[in-house]
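The values are calculated or read from the model by the stated rules, or taken from the named source; none is laboratory data. All of these numbers come straight from a predicted model, not from anything done at the bench. Reconstructed Cβ throughout: ideal geometry from the backbone, glycine too, with neighbour counts over all protein chains shown. The protein model used for the area step is the full one, side chains on, heavy atoms only, and it has no ligands, DNA or RNA in it. Shrake-Rupley method; radii C 1.70, N 1.55, O 1.52, S 1.80 Å.
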Amino acid sequence: MSSFVIGLDIGGTHITATLVRIEQVLGNRTATIERDVFYTRSIENTKEKDPRSIISTWVECIGHLIHDLVKNYQENEAIIGIACGIPGPMDYERGVSYIQSTQLNKCEKFFGLNLQFSLQDALRDLISRWKHVYNPKYFTPPTSPRTSLFDREKQVALEKSLHMKRANEINSTMNQASFHYKDLQLKNQENEPATKDITSYCGLQDTDTEDAQTETSFSDKDIDLSMNLLIDESLTPKIWTMMKQLAEIPITFYNDATCFAVGEAHRTPNRDYRRILALTLGTGFGSTFIDRNEIILNRNDVPPGGMLWNYPYDQQSIADEWFSTRGLINIYKQILREEADEVGDQLTNAVDARILAERASNGNAKAKKAFVKFAELLGNFLIPHLTKFQANILIIGGGIAHAYYLIEEQLTKTIGETLSIPIYFSLSHEKSICLGAVYQQMPSLFTTKPKIVRQTPQNLLPVIKTLDTHSYDIYPCHEIPIGYIGIGHKQLYEKLLRLIEENQILLIDGFVGTHFDEFACELNKSYHQQAKKLNRPSLVFYDSRAFLQVDSDEKRNSYLKSSKSIFGKLATDLKFKDDFIDESKLVYLRNNLSYPCVIIGPGASFVHDSAPLIYIDLPKNELYYRVAAQTACSYLKPQKRDIQPINSIDTDDYELTPGMYEQKCLYFLDYPVFNALKQELLPRMSFFVDGQRPNCPTWLDGETFRQALAHLANVPVRVRPWFEPGPWGGQWLKSVCTNISQYPKNYAWSFEMITPENGIILSDSNLHLAEFSWDLFYGSQSNRVLGNDTHCRLFNGINDFPIRFDFLDTIDGGNLSIQCHPNLQYMRSNFRERITQDETYYILETKQHWKNDEQSSACVYLGFQENVDSEEFHQALLHSRRHAQELNVEKYIQCLPSKIHDFFLIPNETIHASGRNQVVLEISATPYTYTFKLYDWLRLGLDGRLRPLNIEHGMKNLKFDRRGEQLQCQPKLLKTEIGQYQEEHLPTHELHFYDVYRLRIEPNESIHVVRSTENRFHLCMLVEGDAIEIEFDSIDHQQHKEVRQYNYIETFLIPASIQEYRLRPIIKQGQARQFVLITAFLKWDCEKLLE
């Protein structure tokens, strides 16, 4: 079976299309231009022109090509791809143009435009056209040749002249255009993986069928019917199937200069050259460096990205301003001014490069001088780049290359004074670009990659809740007070289409890691169906990356600090618009939109203040799963990663893996900035979308969502927990939390309530689920959660909820690393956190108790032994790391036996670790990243590498006079109701700003314990017993009682807005011994602790 790929050369003034046949021959794939036929259409160069009309010209050209294919079609043939060579600047992977008219004199409205979506939409129009034409017949229209620098007769003559020099080389290859395919790899140290296809995650799929009304209401507005691209009666079902797939096959974009270089590199005369520098001289200045069939983008012997166009020419200009048609004309103007040619100066405004070439060809001295000067300047500019790259040949194409006879002699002379290198002018520019684009697309067409969007064994949040919640609930949900939660693209896009029709513009903003292109693709399909019914113009999509700053790496790296450390500095003082948006580009895009349109991506909300806004959120655990699968990354990270060498094993330097680097960028850069933006946009949201299932989103309208947030502030809240394995992880969580995936070998952590990482799940009366991040709730409702003025003043920032609960499971696992946490001043000055990582360990379970295993014991490493010398300990740690030798831990650190319900205090600067065979409930201050590991038992992490140690950080944050026995809490009895309950105070350390109470309730369901929040929140967990019932007065209905029930080890928050609540034990599994409830809350005097 033969396959075809459509190759396109898209320029500012033309579009050329050709059909390339891909065949398997003797184990190699060959690429052959079908019948050596090309189709070219001219494009009127009007800056203000609607991009739809320009793209319709592209598709018109493709239509001619398809028309010709139908006449020669064989039943076993199929078109499998469209490969486009197009000038930049552009995000080629995603098909987004960054061209501004001020750069390349192109269409103003192309800046930020997603060309892939527009081209797909225009192809759907073409398909519809074929579908709805009756009594068709063939008509072959004439095609317009590309306008060159001179007329066609001269071009033929010049081609013959040039071919005389290399006739054997060219005629033996390009006329047949058949080459053996060899993969061309992008050699780029900073390459990011391509985004993988989205896998279907939920059983509810939207129907993608076209309404029958479309049959009689097709609009011919965008493509002129006079061209008569009609299909004849012999059109077979198989051909029609191929036609219908045109808008669904892969469309990829590549730099036209690179395509030219790749096409030329595959020509027989050029294959023997190891290092090639290929240039395109035309509307812009393109360059490509090739070394043994590898395109070199980032290497020390080429400019960044392999691009010369933006390389500085002098202090005021870049190379593109000199070595393009604009530059040539400017040189000519300068010559006229210098020679005081008033007549010529008056005619200059009417001169373009073609006219200038004609004048020079006809002997005009000043025009010839302009070309000579152009060649001289170009040669001098290229010499250092040719020398550094050690190029073996210079190949030049593009419109100016057709006037090679005007520049060849001077260029050869200028370069020849320094280097001996052959210079070849190619007149097969379009041919090389089309073939080069196809060559670059071929690996993706014939390489099957697994469709992995998220790398994790955990299940995706279901669309509808069906799990039994009799025991630990991994999907705790909160019913919204009004409205409903919508499911799927179809319902959502029906509403969005109405917004577009009413406003002609739609903004889609969202969180880092969101797969915006998937949403845009589905919206584009839905709109196309609707637009054809109503005779509306097609929808265009503009990408917000177009106005993202690209020159602020120094600022961004200052927050990431050392590239060899997992720690950075929180960018809490940065604002998305002020610090990451290029205001001039934003204004340019805003002033050059083509309506109706959608602006999509982070920061899209800045384009218009009052347009309808859709916000797509993404839970952070799902973001991490996408990062692991390389389908998401930090949005605000530096353009280029600053990698520094590791100089000594005695430092805390560590080579971060790509995944570790991404998570570092997310935590210190993206999260502070995106969380603040999200909060700012909350009042504007027309719809809120849960974006973790791109194939099946769930959503709420903005007002329903805001009322749900307000309602949550008056009821108990349980965040969605998530779980992670670790090198020391145990087996208890897998056994108790039965609904989590059993695939991992262990679970080390449960993120029970670590608010920077957790989400909250909403449900409606049909148990439809939608999740949003905690910060949206807390940022808008913190006063209701915190209550009193003191706590509000200290902790009302969107990221400032102060207490966390999480589990550490080491049953049948290992010891945690020996570690400590920074003091408050160190935390603030180095990492810009407001509070430090003070912790406590509550022993929730031990293997001895759980399995009645008397042979198993548990312990906590806590505090130093008497008279430990700090420098001796420091050297012992370094010696262990240098020589991979075990540390005699108990020589330096106390080991305290632990049992169920013990409580250990770990203020900052305390050395500590949990031992194996126990489950620890960490009741701690919210920061959790700043663990300084001093010794990790010489074990490997899950990635097979030694985990990073932070000895130098740690040694600056240790109190050697702290003893373990001083840090073991001694409970104080507060109240006893005989036969009902007993309440204890578990005093925390004087440095802790939170306190803990423990309530022991007898196993009797008739017992009710009344508690007051005292205008501060309570963070609670049932650490023994089956379940606990919470009854409270509804704020919304003063006389109404509401009830919630929480199972064993489920964390829940009682906000300060609930003044009083009643507790009742719930027995589910026969006779219970006792019920034990832990409650954490802020101290009244915590303000002085944070001074």
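How far, in nm, would the chain grow between Arg590 and Trp240 when pulled straight, counting 0.36 nm per residue and subtracting the alpha carbon separation?
That works out to 121.9 nm of additional length.
Given a Förster distance of 30 angstrom, what is the FRET efficiency for Leu419 paired with Thr268, based on the Cβ-Cβ distance and rounded to 0.05?
Using R0 = 30 Å, I get an efficiency of 0.80.
Nearest 20 debye, what's the magnitude of the dipole of the chain about its Cα centre given +1 on Lys and Arg Cβ and -1 on Asp and Glu Cβ?
The calculation lands at about 2040 debye.
To the nearest 20 Debye, how big is the dipole of the range 611-689 about its Cα centre, given +1 on the beta carbon of each Lys and Arg and -1 on that of each Asp and Glu?
For the range 611-689, the charge dipole is close to 420 debye.
With unit charges on the beta carbon (Lys/Arg positive, Asp/Glu negative), name the residue among Ser538, Ser634, Ile508 whose Cα is farthest towards the positive pole of the charge dipole of the range 477-717.
Ser538
Tally Lys/Arg at +1 and Asp/Glu at -1 over every other residue whose Cβ is under 10 Å from the Cβ of Ser562; what's the total?
Computed value for this residue: -1.
Of the peptides 713-722, 997-1006, how do they stack up when ordered by the mean number of other Cβ atoms within 10 Å, highest first?
713-722, 997-1006
Can you pull the one-decimal nm distance between simple spin-label points at Asp1033 and Lys975, each 7 Å off the Cα toward Cβ?
Result for the modelled spin labels: 1.7 nm.
Of the trypsin sites (Lys or Arg not before Pro) in the range 457-513, which ones lie in a loop per DSSP and count no more than 13 other C-beta atoms within 10 Å?
Counting only loop positions with at most 13 other Cβ atoms within 10 Å, none of the trypsin sites (Lys or Arg not before Pro) in the range 457-513 qualifies.
Determine the calculated [θ] at 222 nm for the chain from helices alone, applying -39500 (n - 2.57) to every DSSP H run no shorter than 4 residues and normalising by the residue count; nearest 500 deg cm²/dmol.
The per-residue figure over the chain is -9000 deg cm²/dmol.
Quick one: what are the phi-derived ³J(HN,Hα) couplings along the range 478-493, Karplus 6.51/-1.76/1.60 with θ = phi - 60°, whole Hz, x for glycine and proline?
10, 6, 6, x, 9, x, 8, 10, x, 10, x, 5, 4, 5, 4, 6
How large is ³J(HN,Hα), in whole Hz, for each residue of the range 281-295 in order, when computed from phi with the Karplus curve 6.51 cos²θ - 1.76 cosθ + 1.60 and θ = phi - 60°, using x for Gly and Pro?
10, x, 4, x, 10, x, 8, 8, 9, 10, 10, 6, 6, 10, 7
Assuming R0 = 60 Å, what is the FRET efficiency of Asn867 and Gln491, from their Cβ-Cβ distance, to the nearest 0.05?
0.25
Going highest first, how would you order 736-743, 327-334 by mean Cβ packing within 10 Å?
327-334, 736-743
Please report, in Å, the Rg and the Dmax of the range 928-1032, where both are computed over Cα atoms only.
20.4, 56
Give, as a single signed number, the net charge of other residues whose beta carbon lies under 13 Å from the beta carbon of Ile474, with Lys and Arg counted +1 and Asp and Glu -1.
With Lys, Arg at +1 and Asp, Glu at -1, the neighbours total -1.
Please give the solvent-accessible surface of Tyr424 in Å², to the nearest 10, using a probe radius of 1.4 Å with every protein chain present.
10
Can you list the lysines whose alpha carbon sits under 21 Å from that of Lys972, skipping same-chain ones fewer than 8 residues off?
Filter leaves Lys899, Lys1083.
What fraction of the DSSP beta bridges in the range 477-717 is antiparallel, stated in percent and rounded to the nearest 5?
The answer is about 30 percent antiparallel.
Counting pairs of alpha carbon atoms under 8 Å apart in space and at least six apart in sequence, what relative contact order in percent does the chain give?
That works out to 10 percent.
Whole angstrom only: what separates the Cα centroid of the range 1035-1091 from the Cα centroid of the range 901-934?
23
Specify which residue in the list Gln1071, Ile1007, Leu1082 is farthest towards the positive end of the charge dipole of the range 970-1090, using unit charges on the beta carbon of Lys, Arg (+1) and Asp, Glu (-1), about the Cα centre.
Gln1071
Is there a pair in Lys388/Lys640; Lys131/Lys490; Lys495/Lys577; Lys555/Lys664; Lys465/Lys525 whose C-alpha atoms are over 18 Å apart, and which pairs would that be?
Lys388/Lys640; Lys131/Lys490; Lys495/Lys577; Lys465/Lys525
Cross-link candidates for Lys745: which lysines have Cα within less than 17 Å, leaving aside residues fewer than 8 places away along the same chain?
Hits, sequence-local ones excluded: Lys734.
Suppose each label sits 7 Å from its Cα in the direction of the beta carbon; what would the Lys956-Ser735 distance come out to in nanometres?
The two pseudo-label positions are separated by 4.3 nm.
Scaled to the compact-protein estimate 2.2 N^0.38 Å, what is the alpha-carbon radius of gyration of the range 477-717, rounded to two decimal places?
Its radius of gyration relative to the 2.2 N^0.38 Å reference: 1.11.
Rg and Dmax of the chain, using alpha carbons, in Å: what are they?
Calculated on Cα positions, Rg and Dmax stand at 34.1, 114 Å.
What order do you get for 283-289, 822-828 when each peptide is scored by the mean count of other beta carbon atoms within 10 Å, highest first?
283-289, 822-828
Could you state the angle between the C-alpha long axis of helix 429-446 and the longest principal axis of the C-alpha atoms of the chain, as a value from 0 to 90 degrees rounded to the nearest 10?
Helix 429-446 sits roughly 30 degrees off the main axis of the chain.
Summing Lys, Arg as +1 and Asp, Glu as -1, what charge do residues with Cβ under 10 Å from the Cβ of Ala365 carry, Ala365 excluded?
Spelling it out: positives minus negatives among the neighbours equals +3.
How big is the gap, in Å, between the Cα center of the range 653-716 and the Cα center of the range 365-379?
57
In the P(r) worked out for the range 273-419, what percent of Cα pairs fall beyond 17 Å?
I get 61 percent for the Cα pairs in the range 273-419 exceeding 17 Å.
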